[in-house]
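The values are calculated or read from the model by the stated rules, or taken from the named source; none is laboratory data. The structure presented is a predicted model; accordingly, all values stated were derived computationally and were not measured. Cβ placement follows ideal geometry from the backbone for every residue including glycine, while neighbour counts extend to all protein chains displayed.
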Amino acid sequence: MSLLLQALVGGLLLGGIYALIAIGMTLIMGVMRIINLAHGALMVMGMYISYALFVHLGLNVYLGMFVAVPALFCVGYILQKFIIRRVTEIVTVLPETQVLLTLALGLAIVELLRIIFTSNYQTVEIPGISDKAFYFAGISMSYPMVIGFVGALVLIAGLHLFLTRTDMGRSIRATAQDSEAARYMGVNTRKVTCITFGIGSALAAAGGILLLPAYYLYPGVGNAFTLKAFIITILGGMGSTVGAITGGVLLGVVESLTATYWSMGYQDLLGLIIFLLVLVFLPGGLQTLLKRK
């Protein structure tokens, strides 16, 4: 029983960070209707900024978020304004051109990071945190994962308040629901898409940095997280932040249970199987199931 609880708690903590990373992709898909295949690369860029500050200036990686997250917002804003918009606002031969562009951007970012930081695996050891754990009722919870989970909850709550209590947040929601109607109501949808892409990139970077003290870092590590974010987005339903939280926790728990009772080598496989089942039987995501009830 204690082993099961340990796996569930570990999956919950990991799933919260997954959800934060995936919400960035969910926002972009909901507003712009494109799949951002550069999402993981942008996450890794934020991780490397925080890592560089840690190595060269001795700045705690959590404090490095206050530099890396705004930096990735600016990167996302610029990418949307000067590169991605040029493709999304014209009629192309292939509608998939926007997706291919984000793929190319992601590959370019990864290779740039490889040139700057090499392909070596890196880890971050924070004294007094990385090697510590909470113990409760026989269940251990590492400090980095607990801090990451709490940080993810705070950022998700902040995003919720931003989307529901501010004029820009309401503009983002209106654009996601109907961009044409929002434009007729006076919403500057061009600015909204730039800000949305910036927020999505910043959230991805924040999730990666929160995971950094408990994970490893190399330029290509974002590829797996792009896939995970896409799976969570589909599980939760495109454009749904609540669905992304549900999907993130579900994926984290499934991976944790698989690693505990089967093998760590198969944890990604089971997530993909669930993803395929949802695509076949619940193409609208878990929201469809909840609405039926």
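Starting from residues that are assigned to a loop (DSSP other than H, G, I, E, B) and more than 23 Å from Gln177 (Cβ to Cβ), keep the ones in the stretch 240-264 and report whichever is modelled with the lowest pLDDT.
Here the answer is Ser263.
Restricting to the stretch 114-140, count the residues that are touching a Phe, Trp or Tyr at 6+ places or on another chain (Cβ under 6 Å) and either part of a strand (DSSP E or B) or charged (D, E, K, R) (or both).
1
Of the conditions (1) under 25 Å from Glu125 (Cβ atoms); (2) in contact with a Cys (Cβ under 8 Å, 6 or more places away or on another chain), Gly198 fails just one. Which one is it?
Evaluating Gly198 over (1) under 25 Å from Glu125 (Cβ atoms); (2) in contact with a Cys (Cβ under 8 Å, 6 or more places away or on another chain) leaves (1) as the failure.
For the stretch 33-43, which positions are assigned to a helix (DSSP H, G or I) and under 20 Å from Ile245 (Cα atoms)?
Within the stretch 33-43, His39, Gly40, Met43 meet the criteria.
Determine which single condition Leu212 fails, assuming it passes every other condition in (1) touching an Asp or Glu at 6+ places or on another chain (Cβ under 9 Å); (2) of a type outside the set (Gly, Ala, Ser); (3) crowded, with 17+ Cβ neighbours inside 10 Å.
Going through (1) touching an Asp or Glu at 6+ places or on another chain (Cβ under 9 Å); (2) of a type outside the set (Gly, Ala, Ser); (3) crowded, with 17+ Cβ neighbours inside 10 Å one by one, Leu212 breaks only (1).
Can you tell me which residues in the stretch 180-226 are among the polar types (S, T, N, Q), without any contact (Cβ under 8 Å) to a residue 24 or more places away in the chain and either within 27 Å of Val67 (Cβ to Cβ) or in a helix (DSSP H, G or I) (or both)?
If the condition is that a residue be among the polar types (S, T, N, Q), without any contact (Cβ under 8 Å) to a residue 24 or more places away in the chain and either within 27 Å of Val67 (Cβ to Cβ) or in a helix (DSSP H, G or I) (or both), then Thr189 is the only one that fits.
Sort out which residues of the stretch 30-55 are aliphatic (A, V, I, L, M), crowded, with 24+ Cβ neighbours inside 10 Å and within 12 Å of the chain's Cα centre (by Cα), and write them in order of number.
Ala38, Ala41, Leu42, Met43, Val44
Report yes if some residue within the stretch 219-231 is modelled with pLDDT under 90, under 28 Å from Gly271 (Cα atoms) and polar (S, T, N, Q); otherwise report no.
No, that holds for no residue.
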